[in-house]
1. I'd like to verify a number: residues in region 208-223 that are touching a residue at least 24 places away in the same chain (Cβ under 8 Å) and either more than 33 Å from the chain's Cα centre (by Cα) or buried (at least 18 other Cβ atoms within 10 Å of the Cβ) (or both), how many?
2. Any idea which of (1) touching a Phe, Trp or Tyr at 6+ places or on another chain (Cβ under 9 Å); (2) assigned by TED's automatic domain parsing to the domain that holds Trp269 is the one Lys232 doesn't satisfy?
3. Just one of the numbered conditions (1) touching a residue at least 60 places away in the same chain (Cβ under 8 Å); (2) more than 29 Å from Glu667 (Cβ to Cβ) is not true of Tyr601; which one?
4. Can you find a residue that is modelled with pLDDT of 90 or more, of a type in the set (Phe, Trp, Tyr) and either assigned by TED's automatic domain parsing to the domain that holds Asp691 or under 30 Å from Val493 (Cβ atoms) (or both) anywhere in region 616-630?
5. When you go through Asn436, Asn449 one by one, which is the residue that is buried (at least 24 other Cβ atoms within 10 Å of the Cβ), modelled with pLDDT of 90 or more and touching an Asp or Glu at 6+ places or on another chain (Cβ under 6 Å)?
6. Which members of region 464-513 meet the condition of being free of Cβ contacts under 8 Å to residues at least 40 places away in the same chain, buried (at least 17 other Cβ atoms within 10 Å of the Cβ) and either on the phi > 0 side of the Ramachandran plot or touching a Lys or Arg at 6+ places or on another chain (Cβ under 9 Å) (or both)?
7. Output the qualifying pairs, or none if there are none: Cβ atoms under 7 angstrom, residues six or more apart or on different chains, first residue in region 108-135 and on the phi > 0 side of the Ramachandran plot, second residue part of a loop (DSSP other than H, G, I, E, B) and not charged (D, E, K, R).
Amino acid sequence: MKKLLTLISCILLLASCKYDDSDLWEKVDDLDKRLEALEQTVQTMNTTISSLRTVVEALEDGKVVMNIEQTEDGYALKMSDGSTITLYNGRNGADAPVIGVKQDTDGYYYWTRTVDGQTEWLLDEANNKVRASGKDGVGGVTPVIGVDDDGNWTVDYGEGPQLILGPNGEPVSALGEEGPAGDSFFSSVTDNDDSVVLTLSNGTVIKLPKLTDATIAFVEEGKASVYYGYSKSLDIEIDGIRSAMVTAPCGWEASINLSTKKVRVSAPWLDEADAEFSGYIGIIAVTDGGIPVTVVKEIKAGYEVSSPAEANTVMTEVIVPHLSAAAPFDVKFVVTEDVTTYTNINIPAAMTAATTPTLTIVAQAGSSAGYVGTGAYNCAYDGEVIVSVPEGMTVKTASVMIPEGSVTFTGKGIIDNVSTLDAGNLLHVGAGTTVNTIRCNNRLGGLINEGTIGTLNVSGFGAGKEFQLIDYGKIADINDPSGVAEQIHPRAVSNGSSKFISKVIEYRPAPGQYGLSSYSSLANANSIVGKYGSPVTLGMFGGYIVFQFDHSVINWNGTDFVVRGNAFATANEPGAVMVSFDANGNGLPDDEWFELKGDLYDAESTIADYEITYTKPADAASLITWSDNKGGSGTMTKGTSKWPALYTDITTLTFSGRKIEMPTMYELSCGYGYADTFTADYKTVINGDSDTASTNKFDIDRADSPKKLLAVDFIKIYNPVYQVDTKYPTFNEISTEIAGAVSVSLSRTPVSGSGVEGWEDGGSL
């Protein structure tokens, strides 16, 4: 209607040049009213067209009318599948095309349109008739009525709007002098004892049978949700039914028992091939009078349970048998019943972060006396428990006891009291969540707050205990008599923050086969800034690179950052990873460093405090010598080991770190926790970001820190191996290669301006 709006603008412009513009304003008002009426007409027409298709499908699917009610605007037909078909009276007229259906000689119904009393088939661009229902593998189409920029009627059945032409071949205008009319598609609706007869404006008669001598219906209205791999009984009302059978989507099992008046359905499990996780179950019944009746109900495999007790049953009967680290899956319970008593969702001993990374409990119903809890004092679960309270709901008490895991409270609702909280790693209060009171005990490692906390009670912490706190939201009061809470202030995330490395702070390679090549140059090291670049070699043992992102990496649950190396199945050259937080705030990596524990961190063969010194030979023909702090010494391989070219005036290099045994790079003998290794999750994608594929994944929780680190600013990667490859010694040393890194935490961290203390807009404490 752009041209119509332009017309109004022109009228207004002309009116501004005259003193007496009352006539023009009347015309504008009249046009505006007609446009308003047209929009309403179009909306009503499309609603009725959709209803007309539903009528045809009901007729072809054997559904029957359970009840008919006359409304202010037309009729409401209550169908046997629980749905309601709405028919509008509209008002008769000749301006609008009338969309209808008509049965063709093949027995199927097709769309028609009537203009100026002449009815014709609706044709697509290929001049084919358009089916009104989907059956036998052929999809039906619902036409959409519209008005183009010139104010003419259009119809769209999936291929774009087309003009509706009148008998004279000209477009049919939607705006007459009196506005639109003719949105009545039904000339009559007749309610008989055994049927409802619909007579369309084009003369087509549709007869829908009514159920009068029997009753069959599902007791519970709406969609039925069944947990994956679980069974559920659905109550039905029946009377005067002779026989019945039930159908279900692929992967489901269903049966009907007329004597107990129940339909039992079993949902497929998560990994069942070709299963449909949503669809319809259908009861095909025959009444005592011999009338066939079809009743359908929408079903969905999901996470809804009626109560914590049902959740515990599902845990035992369904989830535990499927637990496997080889095929991990998340669990999410939606508790639909009002919880007013002390109840608890138990976590089985077999459930771990490896089998079930997250366990989510959605308190869908509750009251001021409501309770949401999970875990136990002896619970071994080390994944993430998420408690979600929807907007408008208040839960009296939330209790989560998982000594080794992490807890997240989310949703827009209110939790009055969080008690007996026992989380060894992280407590996270999400944005929009309100917690009036939280009591933290001595096992809590850290708190990240994005919501609103009334009072944070920190108690029970013994001597030397402390935990870190990041506040992105609002904490009204902190009760910390022992002074163990340390609020830290990470570097903020901005709208322009990048997930890639922002700066290489230091590059210090050890001698190696690429010492004289571009792979060990400062220019190549800087190629990994802002993107993935050319592999950067670290040389023999101790060679390292230090870099940072343009924001602090926050320690959320799971993977926090990834590192891309040059690994493949037959090439593993591990790089140990260290992290540091800028506690003194000077922007330099001069605070305490912590190493992320790889699988060989505590191995018997690992030397924790190894130090090696390389000495540059007097001439190029001589060998590079080395000595260590364990009494060892020797020379590097002649001809292949080179003194790095970037050290023009340096003749000795000393490196230190944990030395691990890695005799050959052709076997992954170092396990997880290192860069440039081809681990089982190397190809895994995190949060749909393709840049996290072909990378090693790192969790800050693996840091060898005495307390939980909630954020880090600097990352260091060094080669922990001094070893010439024993399988192919011509390849010389096992030397780590780094091509870049990505901050995974960026997508979860609030943007600057959210309210954290120390940011430009102040904070809560």
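1. Of the residues in that region, 10 qualify.
2. Only one criterion in (1) touching a Phe, Trp or Tyr at 6+ places or on another chain (Cβ under 9 Å); (2) assigned by TED's automatic domain parsing to the domain that holds Trp269 is unmet by Lys232, namely (1).
3. Here Tyr601 clears every test but (2).
4. Taking every residue of region 616-630 in turn, none turns out to be modelled with pLDDT of 90 or more, of a type in the set (Phe, Trp, Tyr) and either assigned by TED's automatic domain parsing to the domain that holds Asp691 or under 30 Å from Val493 (Cβ atoms) (or both).
5. The unique qualifying residue is Asn449.
6. Val484
7. Hits for this filter: Asp116/Ala94; Asp116/Gly166; Asp116/Pro167.
This table checks each residue for (1) more than 24 Å from Thr559 (Cα to Cα); (2) exposed (fewer than 14 other Cβ atoms within 10 Å of the Cβ); (3) of a type in the set (S, T, N, Q).
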site	(1), (2), (3)
Thr316	yes, yes, yes
Pro321	yes, yes, no
Asp330	no, no, no
Asn346	yes, no, yes
Ala353	no, no, no
Thr356	no, no, yes
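The values are calculated or read from the model by the stated rules, or taken from the named source; none is laboratory data. All values reported here derive from a predicted model rather than from experimental measurement. Every residue, glycine as well, gets a Cβ built from its backbone with ideal geometry; the counts of neighbours run over all protein chains shown.
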